[in-house]
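The values are calculated or read from the model by the stated rules, or taken from the named source; none is laboratory data. Quick caveat, the model's predicted, so the values are computed rather than measured. Please note: Cβ atoms are built from the backbone with ideal geometry, for glycine as well, and neighbour counts cover all protein chains shown. Remember, those area values only see protein heavy atoms, side chains included, never the ligands or the DNA or RNA. Shrake-Rupley method; radii C 1.70, N 1.55, O 1.52, S 1.80 Å.
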Amino acid sequence: MKSLAQLSKRGSARVAFLGGVAALALLAASASADSITQKPFGKTKNGEAVSLYTLTNAHGAQVRITNYGGIVQSIYVPDRRGRLGDVVLGFDSIPRYEKDSPYFGALIGRYGNRIAKGRFTLDGKTYKLFVNNGPNSLHGGKVGFDKKVWTAVPVKHPGSVGLALSYLSKDGEEGYPGNLNTTVVYTWTDDDALRIVYTAKTDKDTVFNPTNHSYFNLNGAGNGTILDTRLMINADQFTPVDKTQIPIGIQRPVAGTPFDFRRPHAIGERIDQKNAQLATGSGYDHNFVVNGSGLRLAVRAYAPRSGRVLTEYTDQPGVQLYTGNFLTGTLKGKGGKTYAHRGAFALEAQHFPDSPNHPQFPTTELKPGETYHQTTVYQFSVR
Ligand code: GLA
């Protein structure tokens, strides 16, 4: 958490001081219009200066984004009593992100999740990637999108504030073919929705599967585990994985398994059940096949203690549910708060892991002349 003094720089953030519904009403009356501010956020180890952008909506809810890694550094949204709290894990400085971050809040690319043995074949040519996760390549390789400095341009529209980030990944970067021009537009709306729109173009056939790796704890980052958070996942099937967390290539019905979240279940209810799939992920770390197509409801998460609800919509075929199984319980984040084992969950909207090696999965190929497009929305509310 930033100090109250820092927070109060934004008049509308006064909600931080005031409890209860009355505070919200007060705010609605006194709130200034949406705003975007920029401040220095230090330098990378290569000496590049980066910024932290604060997007404040009409009733004082805030998202902070840095152009280092396109990282969503914090999201302050009201609980059921109207009190703002930061619901994503992260750090207060760039060196911490560089040294310690398990992709907190970051943009992931070029390929979200794993590619088996760090290789794939496209147009008869085999491409080799950096192996950084057992025998596999994870989240773009050694220096993925999460560690790049993006060009940032603030954008303002009636009812929302946003930040457009772009990055040119050169032909051959991390082993991937094609000069790939990516733009990610984060939009923070007056109804507390963080909309993420990705577009990209390439000049050679390539594969592409970007995502955002925010770690949510709807009780507030650092406030215990997410085991009592209730999830509904709009998925009849998931993609089971082998011992190295690579999909075995089939889609398996969730019915009768701990992966059935079609009706809400607490994350912790079945996470430690004896189940071979849960054992490989040390909990949930699996791709769910979202029912339907187009921009649609994918996941709803509800934290009974705070009353906060997060609803995810995406046009992607899958969502990776990761329940912070690899957080050891020792990492200290923003404001010195310790992040518990399973102290957050991620809902990474994506194509299925390792798709380039599974022709039966929806394709992740991108060709010159085509424009890649993804829309994913994280909508916050209370119950
Ligand atoms: C994804 C992966 C996990 C893990 C996290 C980051 O969710 O599937 O296995 O790597 O990212 O730690």
Determine whether the stretch 32-52 contains at least one residue that is at pLDDT below 95, part of a loop (DSSP other than H, G, I, E, B), open to solvent by 10 Å² or more (accessible area, probe 1.4 Å) and more than 26 Å from residue 182 (Cβ to Cβ).
-> yes
Return the only residue of 308, 296 being more than 13 Å from the ligand (Cβ to nearest atom), crowded, with 24+ Cβ neighbours inside 10 Å and either at positive phi or of a type outside the set (Val, Ile, Thr) (or both).
-> 308
Any pair with Cβ under 6 angstrom, 6 or more apart, that starts in the stretch 316-339 at a residue that is among the charged types (D, E, K, R) and ends at one that is in a strand (DSSP E or B) = 332/338
Residue match in the stretch 336-344 (condition: modelled with pLDDT of 95 or more, within 16 Å of the ligand (Cβ to nearest atom) and among the aromatic types (Phe, Trp, Tyr)) | yes
Got at least one residue in the stretch 260-279 being within 15 Å of the ligand (Cβ to nearest atom), more than 16 Å from the chain's Cα centre (by Cα) and open to solvent by 10 Å² or more (accessible area, probe 1.4 Å)?
-> yes
Taking the stretch 311-334 and keeping only residues that are within 16 Å of the ligand (Cβ to nearest atom), among the polar types (S, T, N, Q) and farther than 20 Å from residue 90 by Cα, one is left with 314, 316
Taking the stretch 333-368 as the search range and keeping residues that are in contact with a helix residue (DSSP H, G or I) (Cβ under 9 Å, 6 or more places away or on another chain) and open to solvent by 40 Å² or more (accessible area, probe 1.4 Å), which one is farthest from residue 245 (Cα to Cα)?
-> 365
Counting residues that are within 16 Å of the ligand (Cβ to nearest atom), which strands (runs of 3 or more DSSP E) fully inside the stretch 99-216 reach at least 2?
-> 106-108, 211-213
